[in-house]
Amino acid sequence: SQQGEEDPQALSIQEGENATMNCSYKTSINNLQWYRQNSGRGLVHLILIRSNEREKHSGRLRVTLDTSKKSSSLLITASRAADTASYFCATADIIQGAQKLVFGQGTRLTINP
Amino acid sequence: ETGVTQSPTHLIKTRGQQVTLRCSSQSGHNTVSWYQQALGQGPQFIFQYYREEENGRGNFPPRFSGLQFPNYSSELNVNALELDDSALYLCASGRRDRDSPLHFGNGTRLTVT
């Protein structure tokens, strides 16, 4: 079963605009992570936000976390064509000491030049 | 530092056959995890290895098995292949720390006919 659910499933914007993707989850978490995937290749870690944090920045990325609403958002500012990819949120469950990431279905982002 | 590498990149097998996928972890990492990603879906956790032992498993049958070697490289073995096993198989390495992000390889695309 999938914990995180991204919204929207697909997003198409013009280069230079901001892109916002949302993620909702169901159970308590240790942390929430965002990953990017280009054309069915490997996932690239973007940012990790701990359950006791509310906002985090990394370059053009801004992530918020609202544990009371069990939701997170990823904002990409001043988008570029190279940002075209699928974006996944993942919640981290700890099972037998192992960190198991539970991914949503992702948001497919297309940046039009 | 070297990244996570997987081999082969593509593989075609027949239903009922067995397959072995390989992964070389990133240096400095001591855990390796495997994920299955069906087309259009988010990755699903298969299992994680630490100190050469499986220490966390997702909802996958026993015909999915793995090995981790002393140099932290890893194998994923799948017996009695089924058509639904067709997917992108992703290996990810990390550190045994609940707030440590995972580093993914580019995956092996397995097609079962």
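Residues whose amide H comes within less than 5 Å of that of B:GLN17, counting only those at least five positions distant or on another chain, are B:LEU81 (H built at 1.01 Å from N in the peptide plane).
With θ taken as phi - 60° and the Karplus curve 6.51 cos²θ - 1.76 cosθ + 1.60 applied, the whole-hertz 3J(HN,Hα) list for the range A:107-113 is 10, 8, 9, 10, 9, 8, x Hz, x standing for glycine and proline. Each Lys or Arg adds one and each Asp or Glu subtracts one; over the other residues with Cβ under 13 Å from the Cβ of B:ARG15, this totals -1. Electrostatic tally near A:VAL63: other residues with Cβ closer than 12 Å to its Cβ, Lys and Arg +1, Asp and Glu -1, net +2. Look at where the Cα atoms of the range A:55-100 and of the range B:45-75 average out, and the two centres are 26 Å apart. Among rounded, prolate and oblate, which fits chain A when a ≥ b ≥ c are the square roots of the eigenvalues of its C-alpha gyration tensor, a/c under 1.5 means rounded, and a/b larger than b/c means prolate? Prolate is the answer for chain A, as a/c is 1.5 or above and a/b outweighs b/c. In a DSSP loop and with at most 14 other Cβ atoms within 10 Å, the trypsin sites (Lys or Arg not before Pro) in the range B:63-102 are B:ARG63, B:ARG98. Spin-label model, A:GLN105 to A:ILE13: label points 7 Å out along the Cα-to-beta-carbon direction sit 2.2 nm apart. Report, ordered by chain and residue number, the aspartates and glutamates lying within cross-link reach of A:LYS26, taken as a straight Cα distance under 14 Å and ignoring same-chain residues fewer than 8 apart. Within reach: A:GLU5, A:GLU6, A:ASP66, A:ASP93. Could you tell me which of rounded, prolate or oblate describes the range B:39-96, using a ≥ b ≥ c as the square roots of the eigenvalues of the alpha-carbon gyration tensor, with rounded for a/c under 1.5 and, failing that, prolate when a/b is larger than b/c and oblate otherwise? Judged from the Cα gyration tensor, the range B:39-96 comes out prolate (a/c at least 1.5, a/b above b/c). Each label was represented as a point 7 Å from its Cα along the Cα-to-Cβ direction; for A:LEU61 and B:LEU67 these points are 3.5 nm apart. Going from the residue with the fewest nearby Cβ atoms within 10 Å to the one with the most, A:CYS89, B:CYS23 rank B:CYS23, A:CYS89.
In order along the range A:79-87, the phi-based Karplus estimate (6.51 cos²θ - 1.76 cosθ + 1.60, θ = phi - 60°) of 3J(HN,Hα) comes to 4, 10, 4, 5, 7, 4, 4, 9, 10 Hz; Gly and Pro are listed as x.
Note that the range B:104-109 has calculated 3J(HN,Hα) couplings of 9, x, 7, x, 10, 8 Hz, one per residue in order, obtained from phi through the Karplus relation 6.51 cos²θ - 1.76 cosθ + 1.60 (θ = phi - 60°); glycine and proline are x. Considering only B:HIS103, B:TRP34, B:ASN77, and ranking their Cα positions along the charge dipole of chain B that arises from unit charges at the beta-carbon of Lys, Arg, Asp and Glu, the one farthest toward the positive end is B:ASN77. Here the protein assembly as shown is assigned +1 on the Cβ of each Lys and Arg and -1 on the Cβ of each Asp and Glu. Its dipole about the Cα centre then comes out at about 80 debye. Once backbone amide H atoms are built at 1.01 Å from N, A:GLY104 has A:GLY4, A:CYS89 as its partners under 5 Å, excluding neighbours fewer than 5 places away on the same chain. Listed from fewest to most Cβ neighbours within 10 Å, the set A:THR91, B:THR14 follows the order B:THR14, A:THR91. Sparse packing (at most 14 other Cβ atoms within 10 Å of the Cβ) combined with a DSSP loop state is found for the following trypsin sites (Lys or Arg not before Pro) in the range B:1-41: B:ARG15. Partner shielding of B:34-44 amounts to 5, given as the average count of beta-carbon atoms from other chains within 10 Å of each residue beta-carbon.
A viscosity of 0.692 mPa s and a temperature of 37 °C, combined with the Kirkwood radius over C-alpha pairs in the Stokes-Einstein formula, give chain B a diffusion coefficient of 235 µm²/s.
For A:ASN18, neighbours were defined as the other residues whose beta-carbon sits under 15 Å from its Cβ, and their charges (Lys and Arg +1, Asp and Glu -1) total 0.
Read the figures in this text as sums done on the coordinates, not as results from a lab. In this text, all values refer to a predicted model and were calculated from it rather than measured experimentally. Note: ideal-geometry Cβ built from the backbone for every residue, glycine included; neighbour counts use all protein chains shown.
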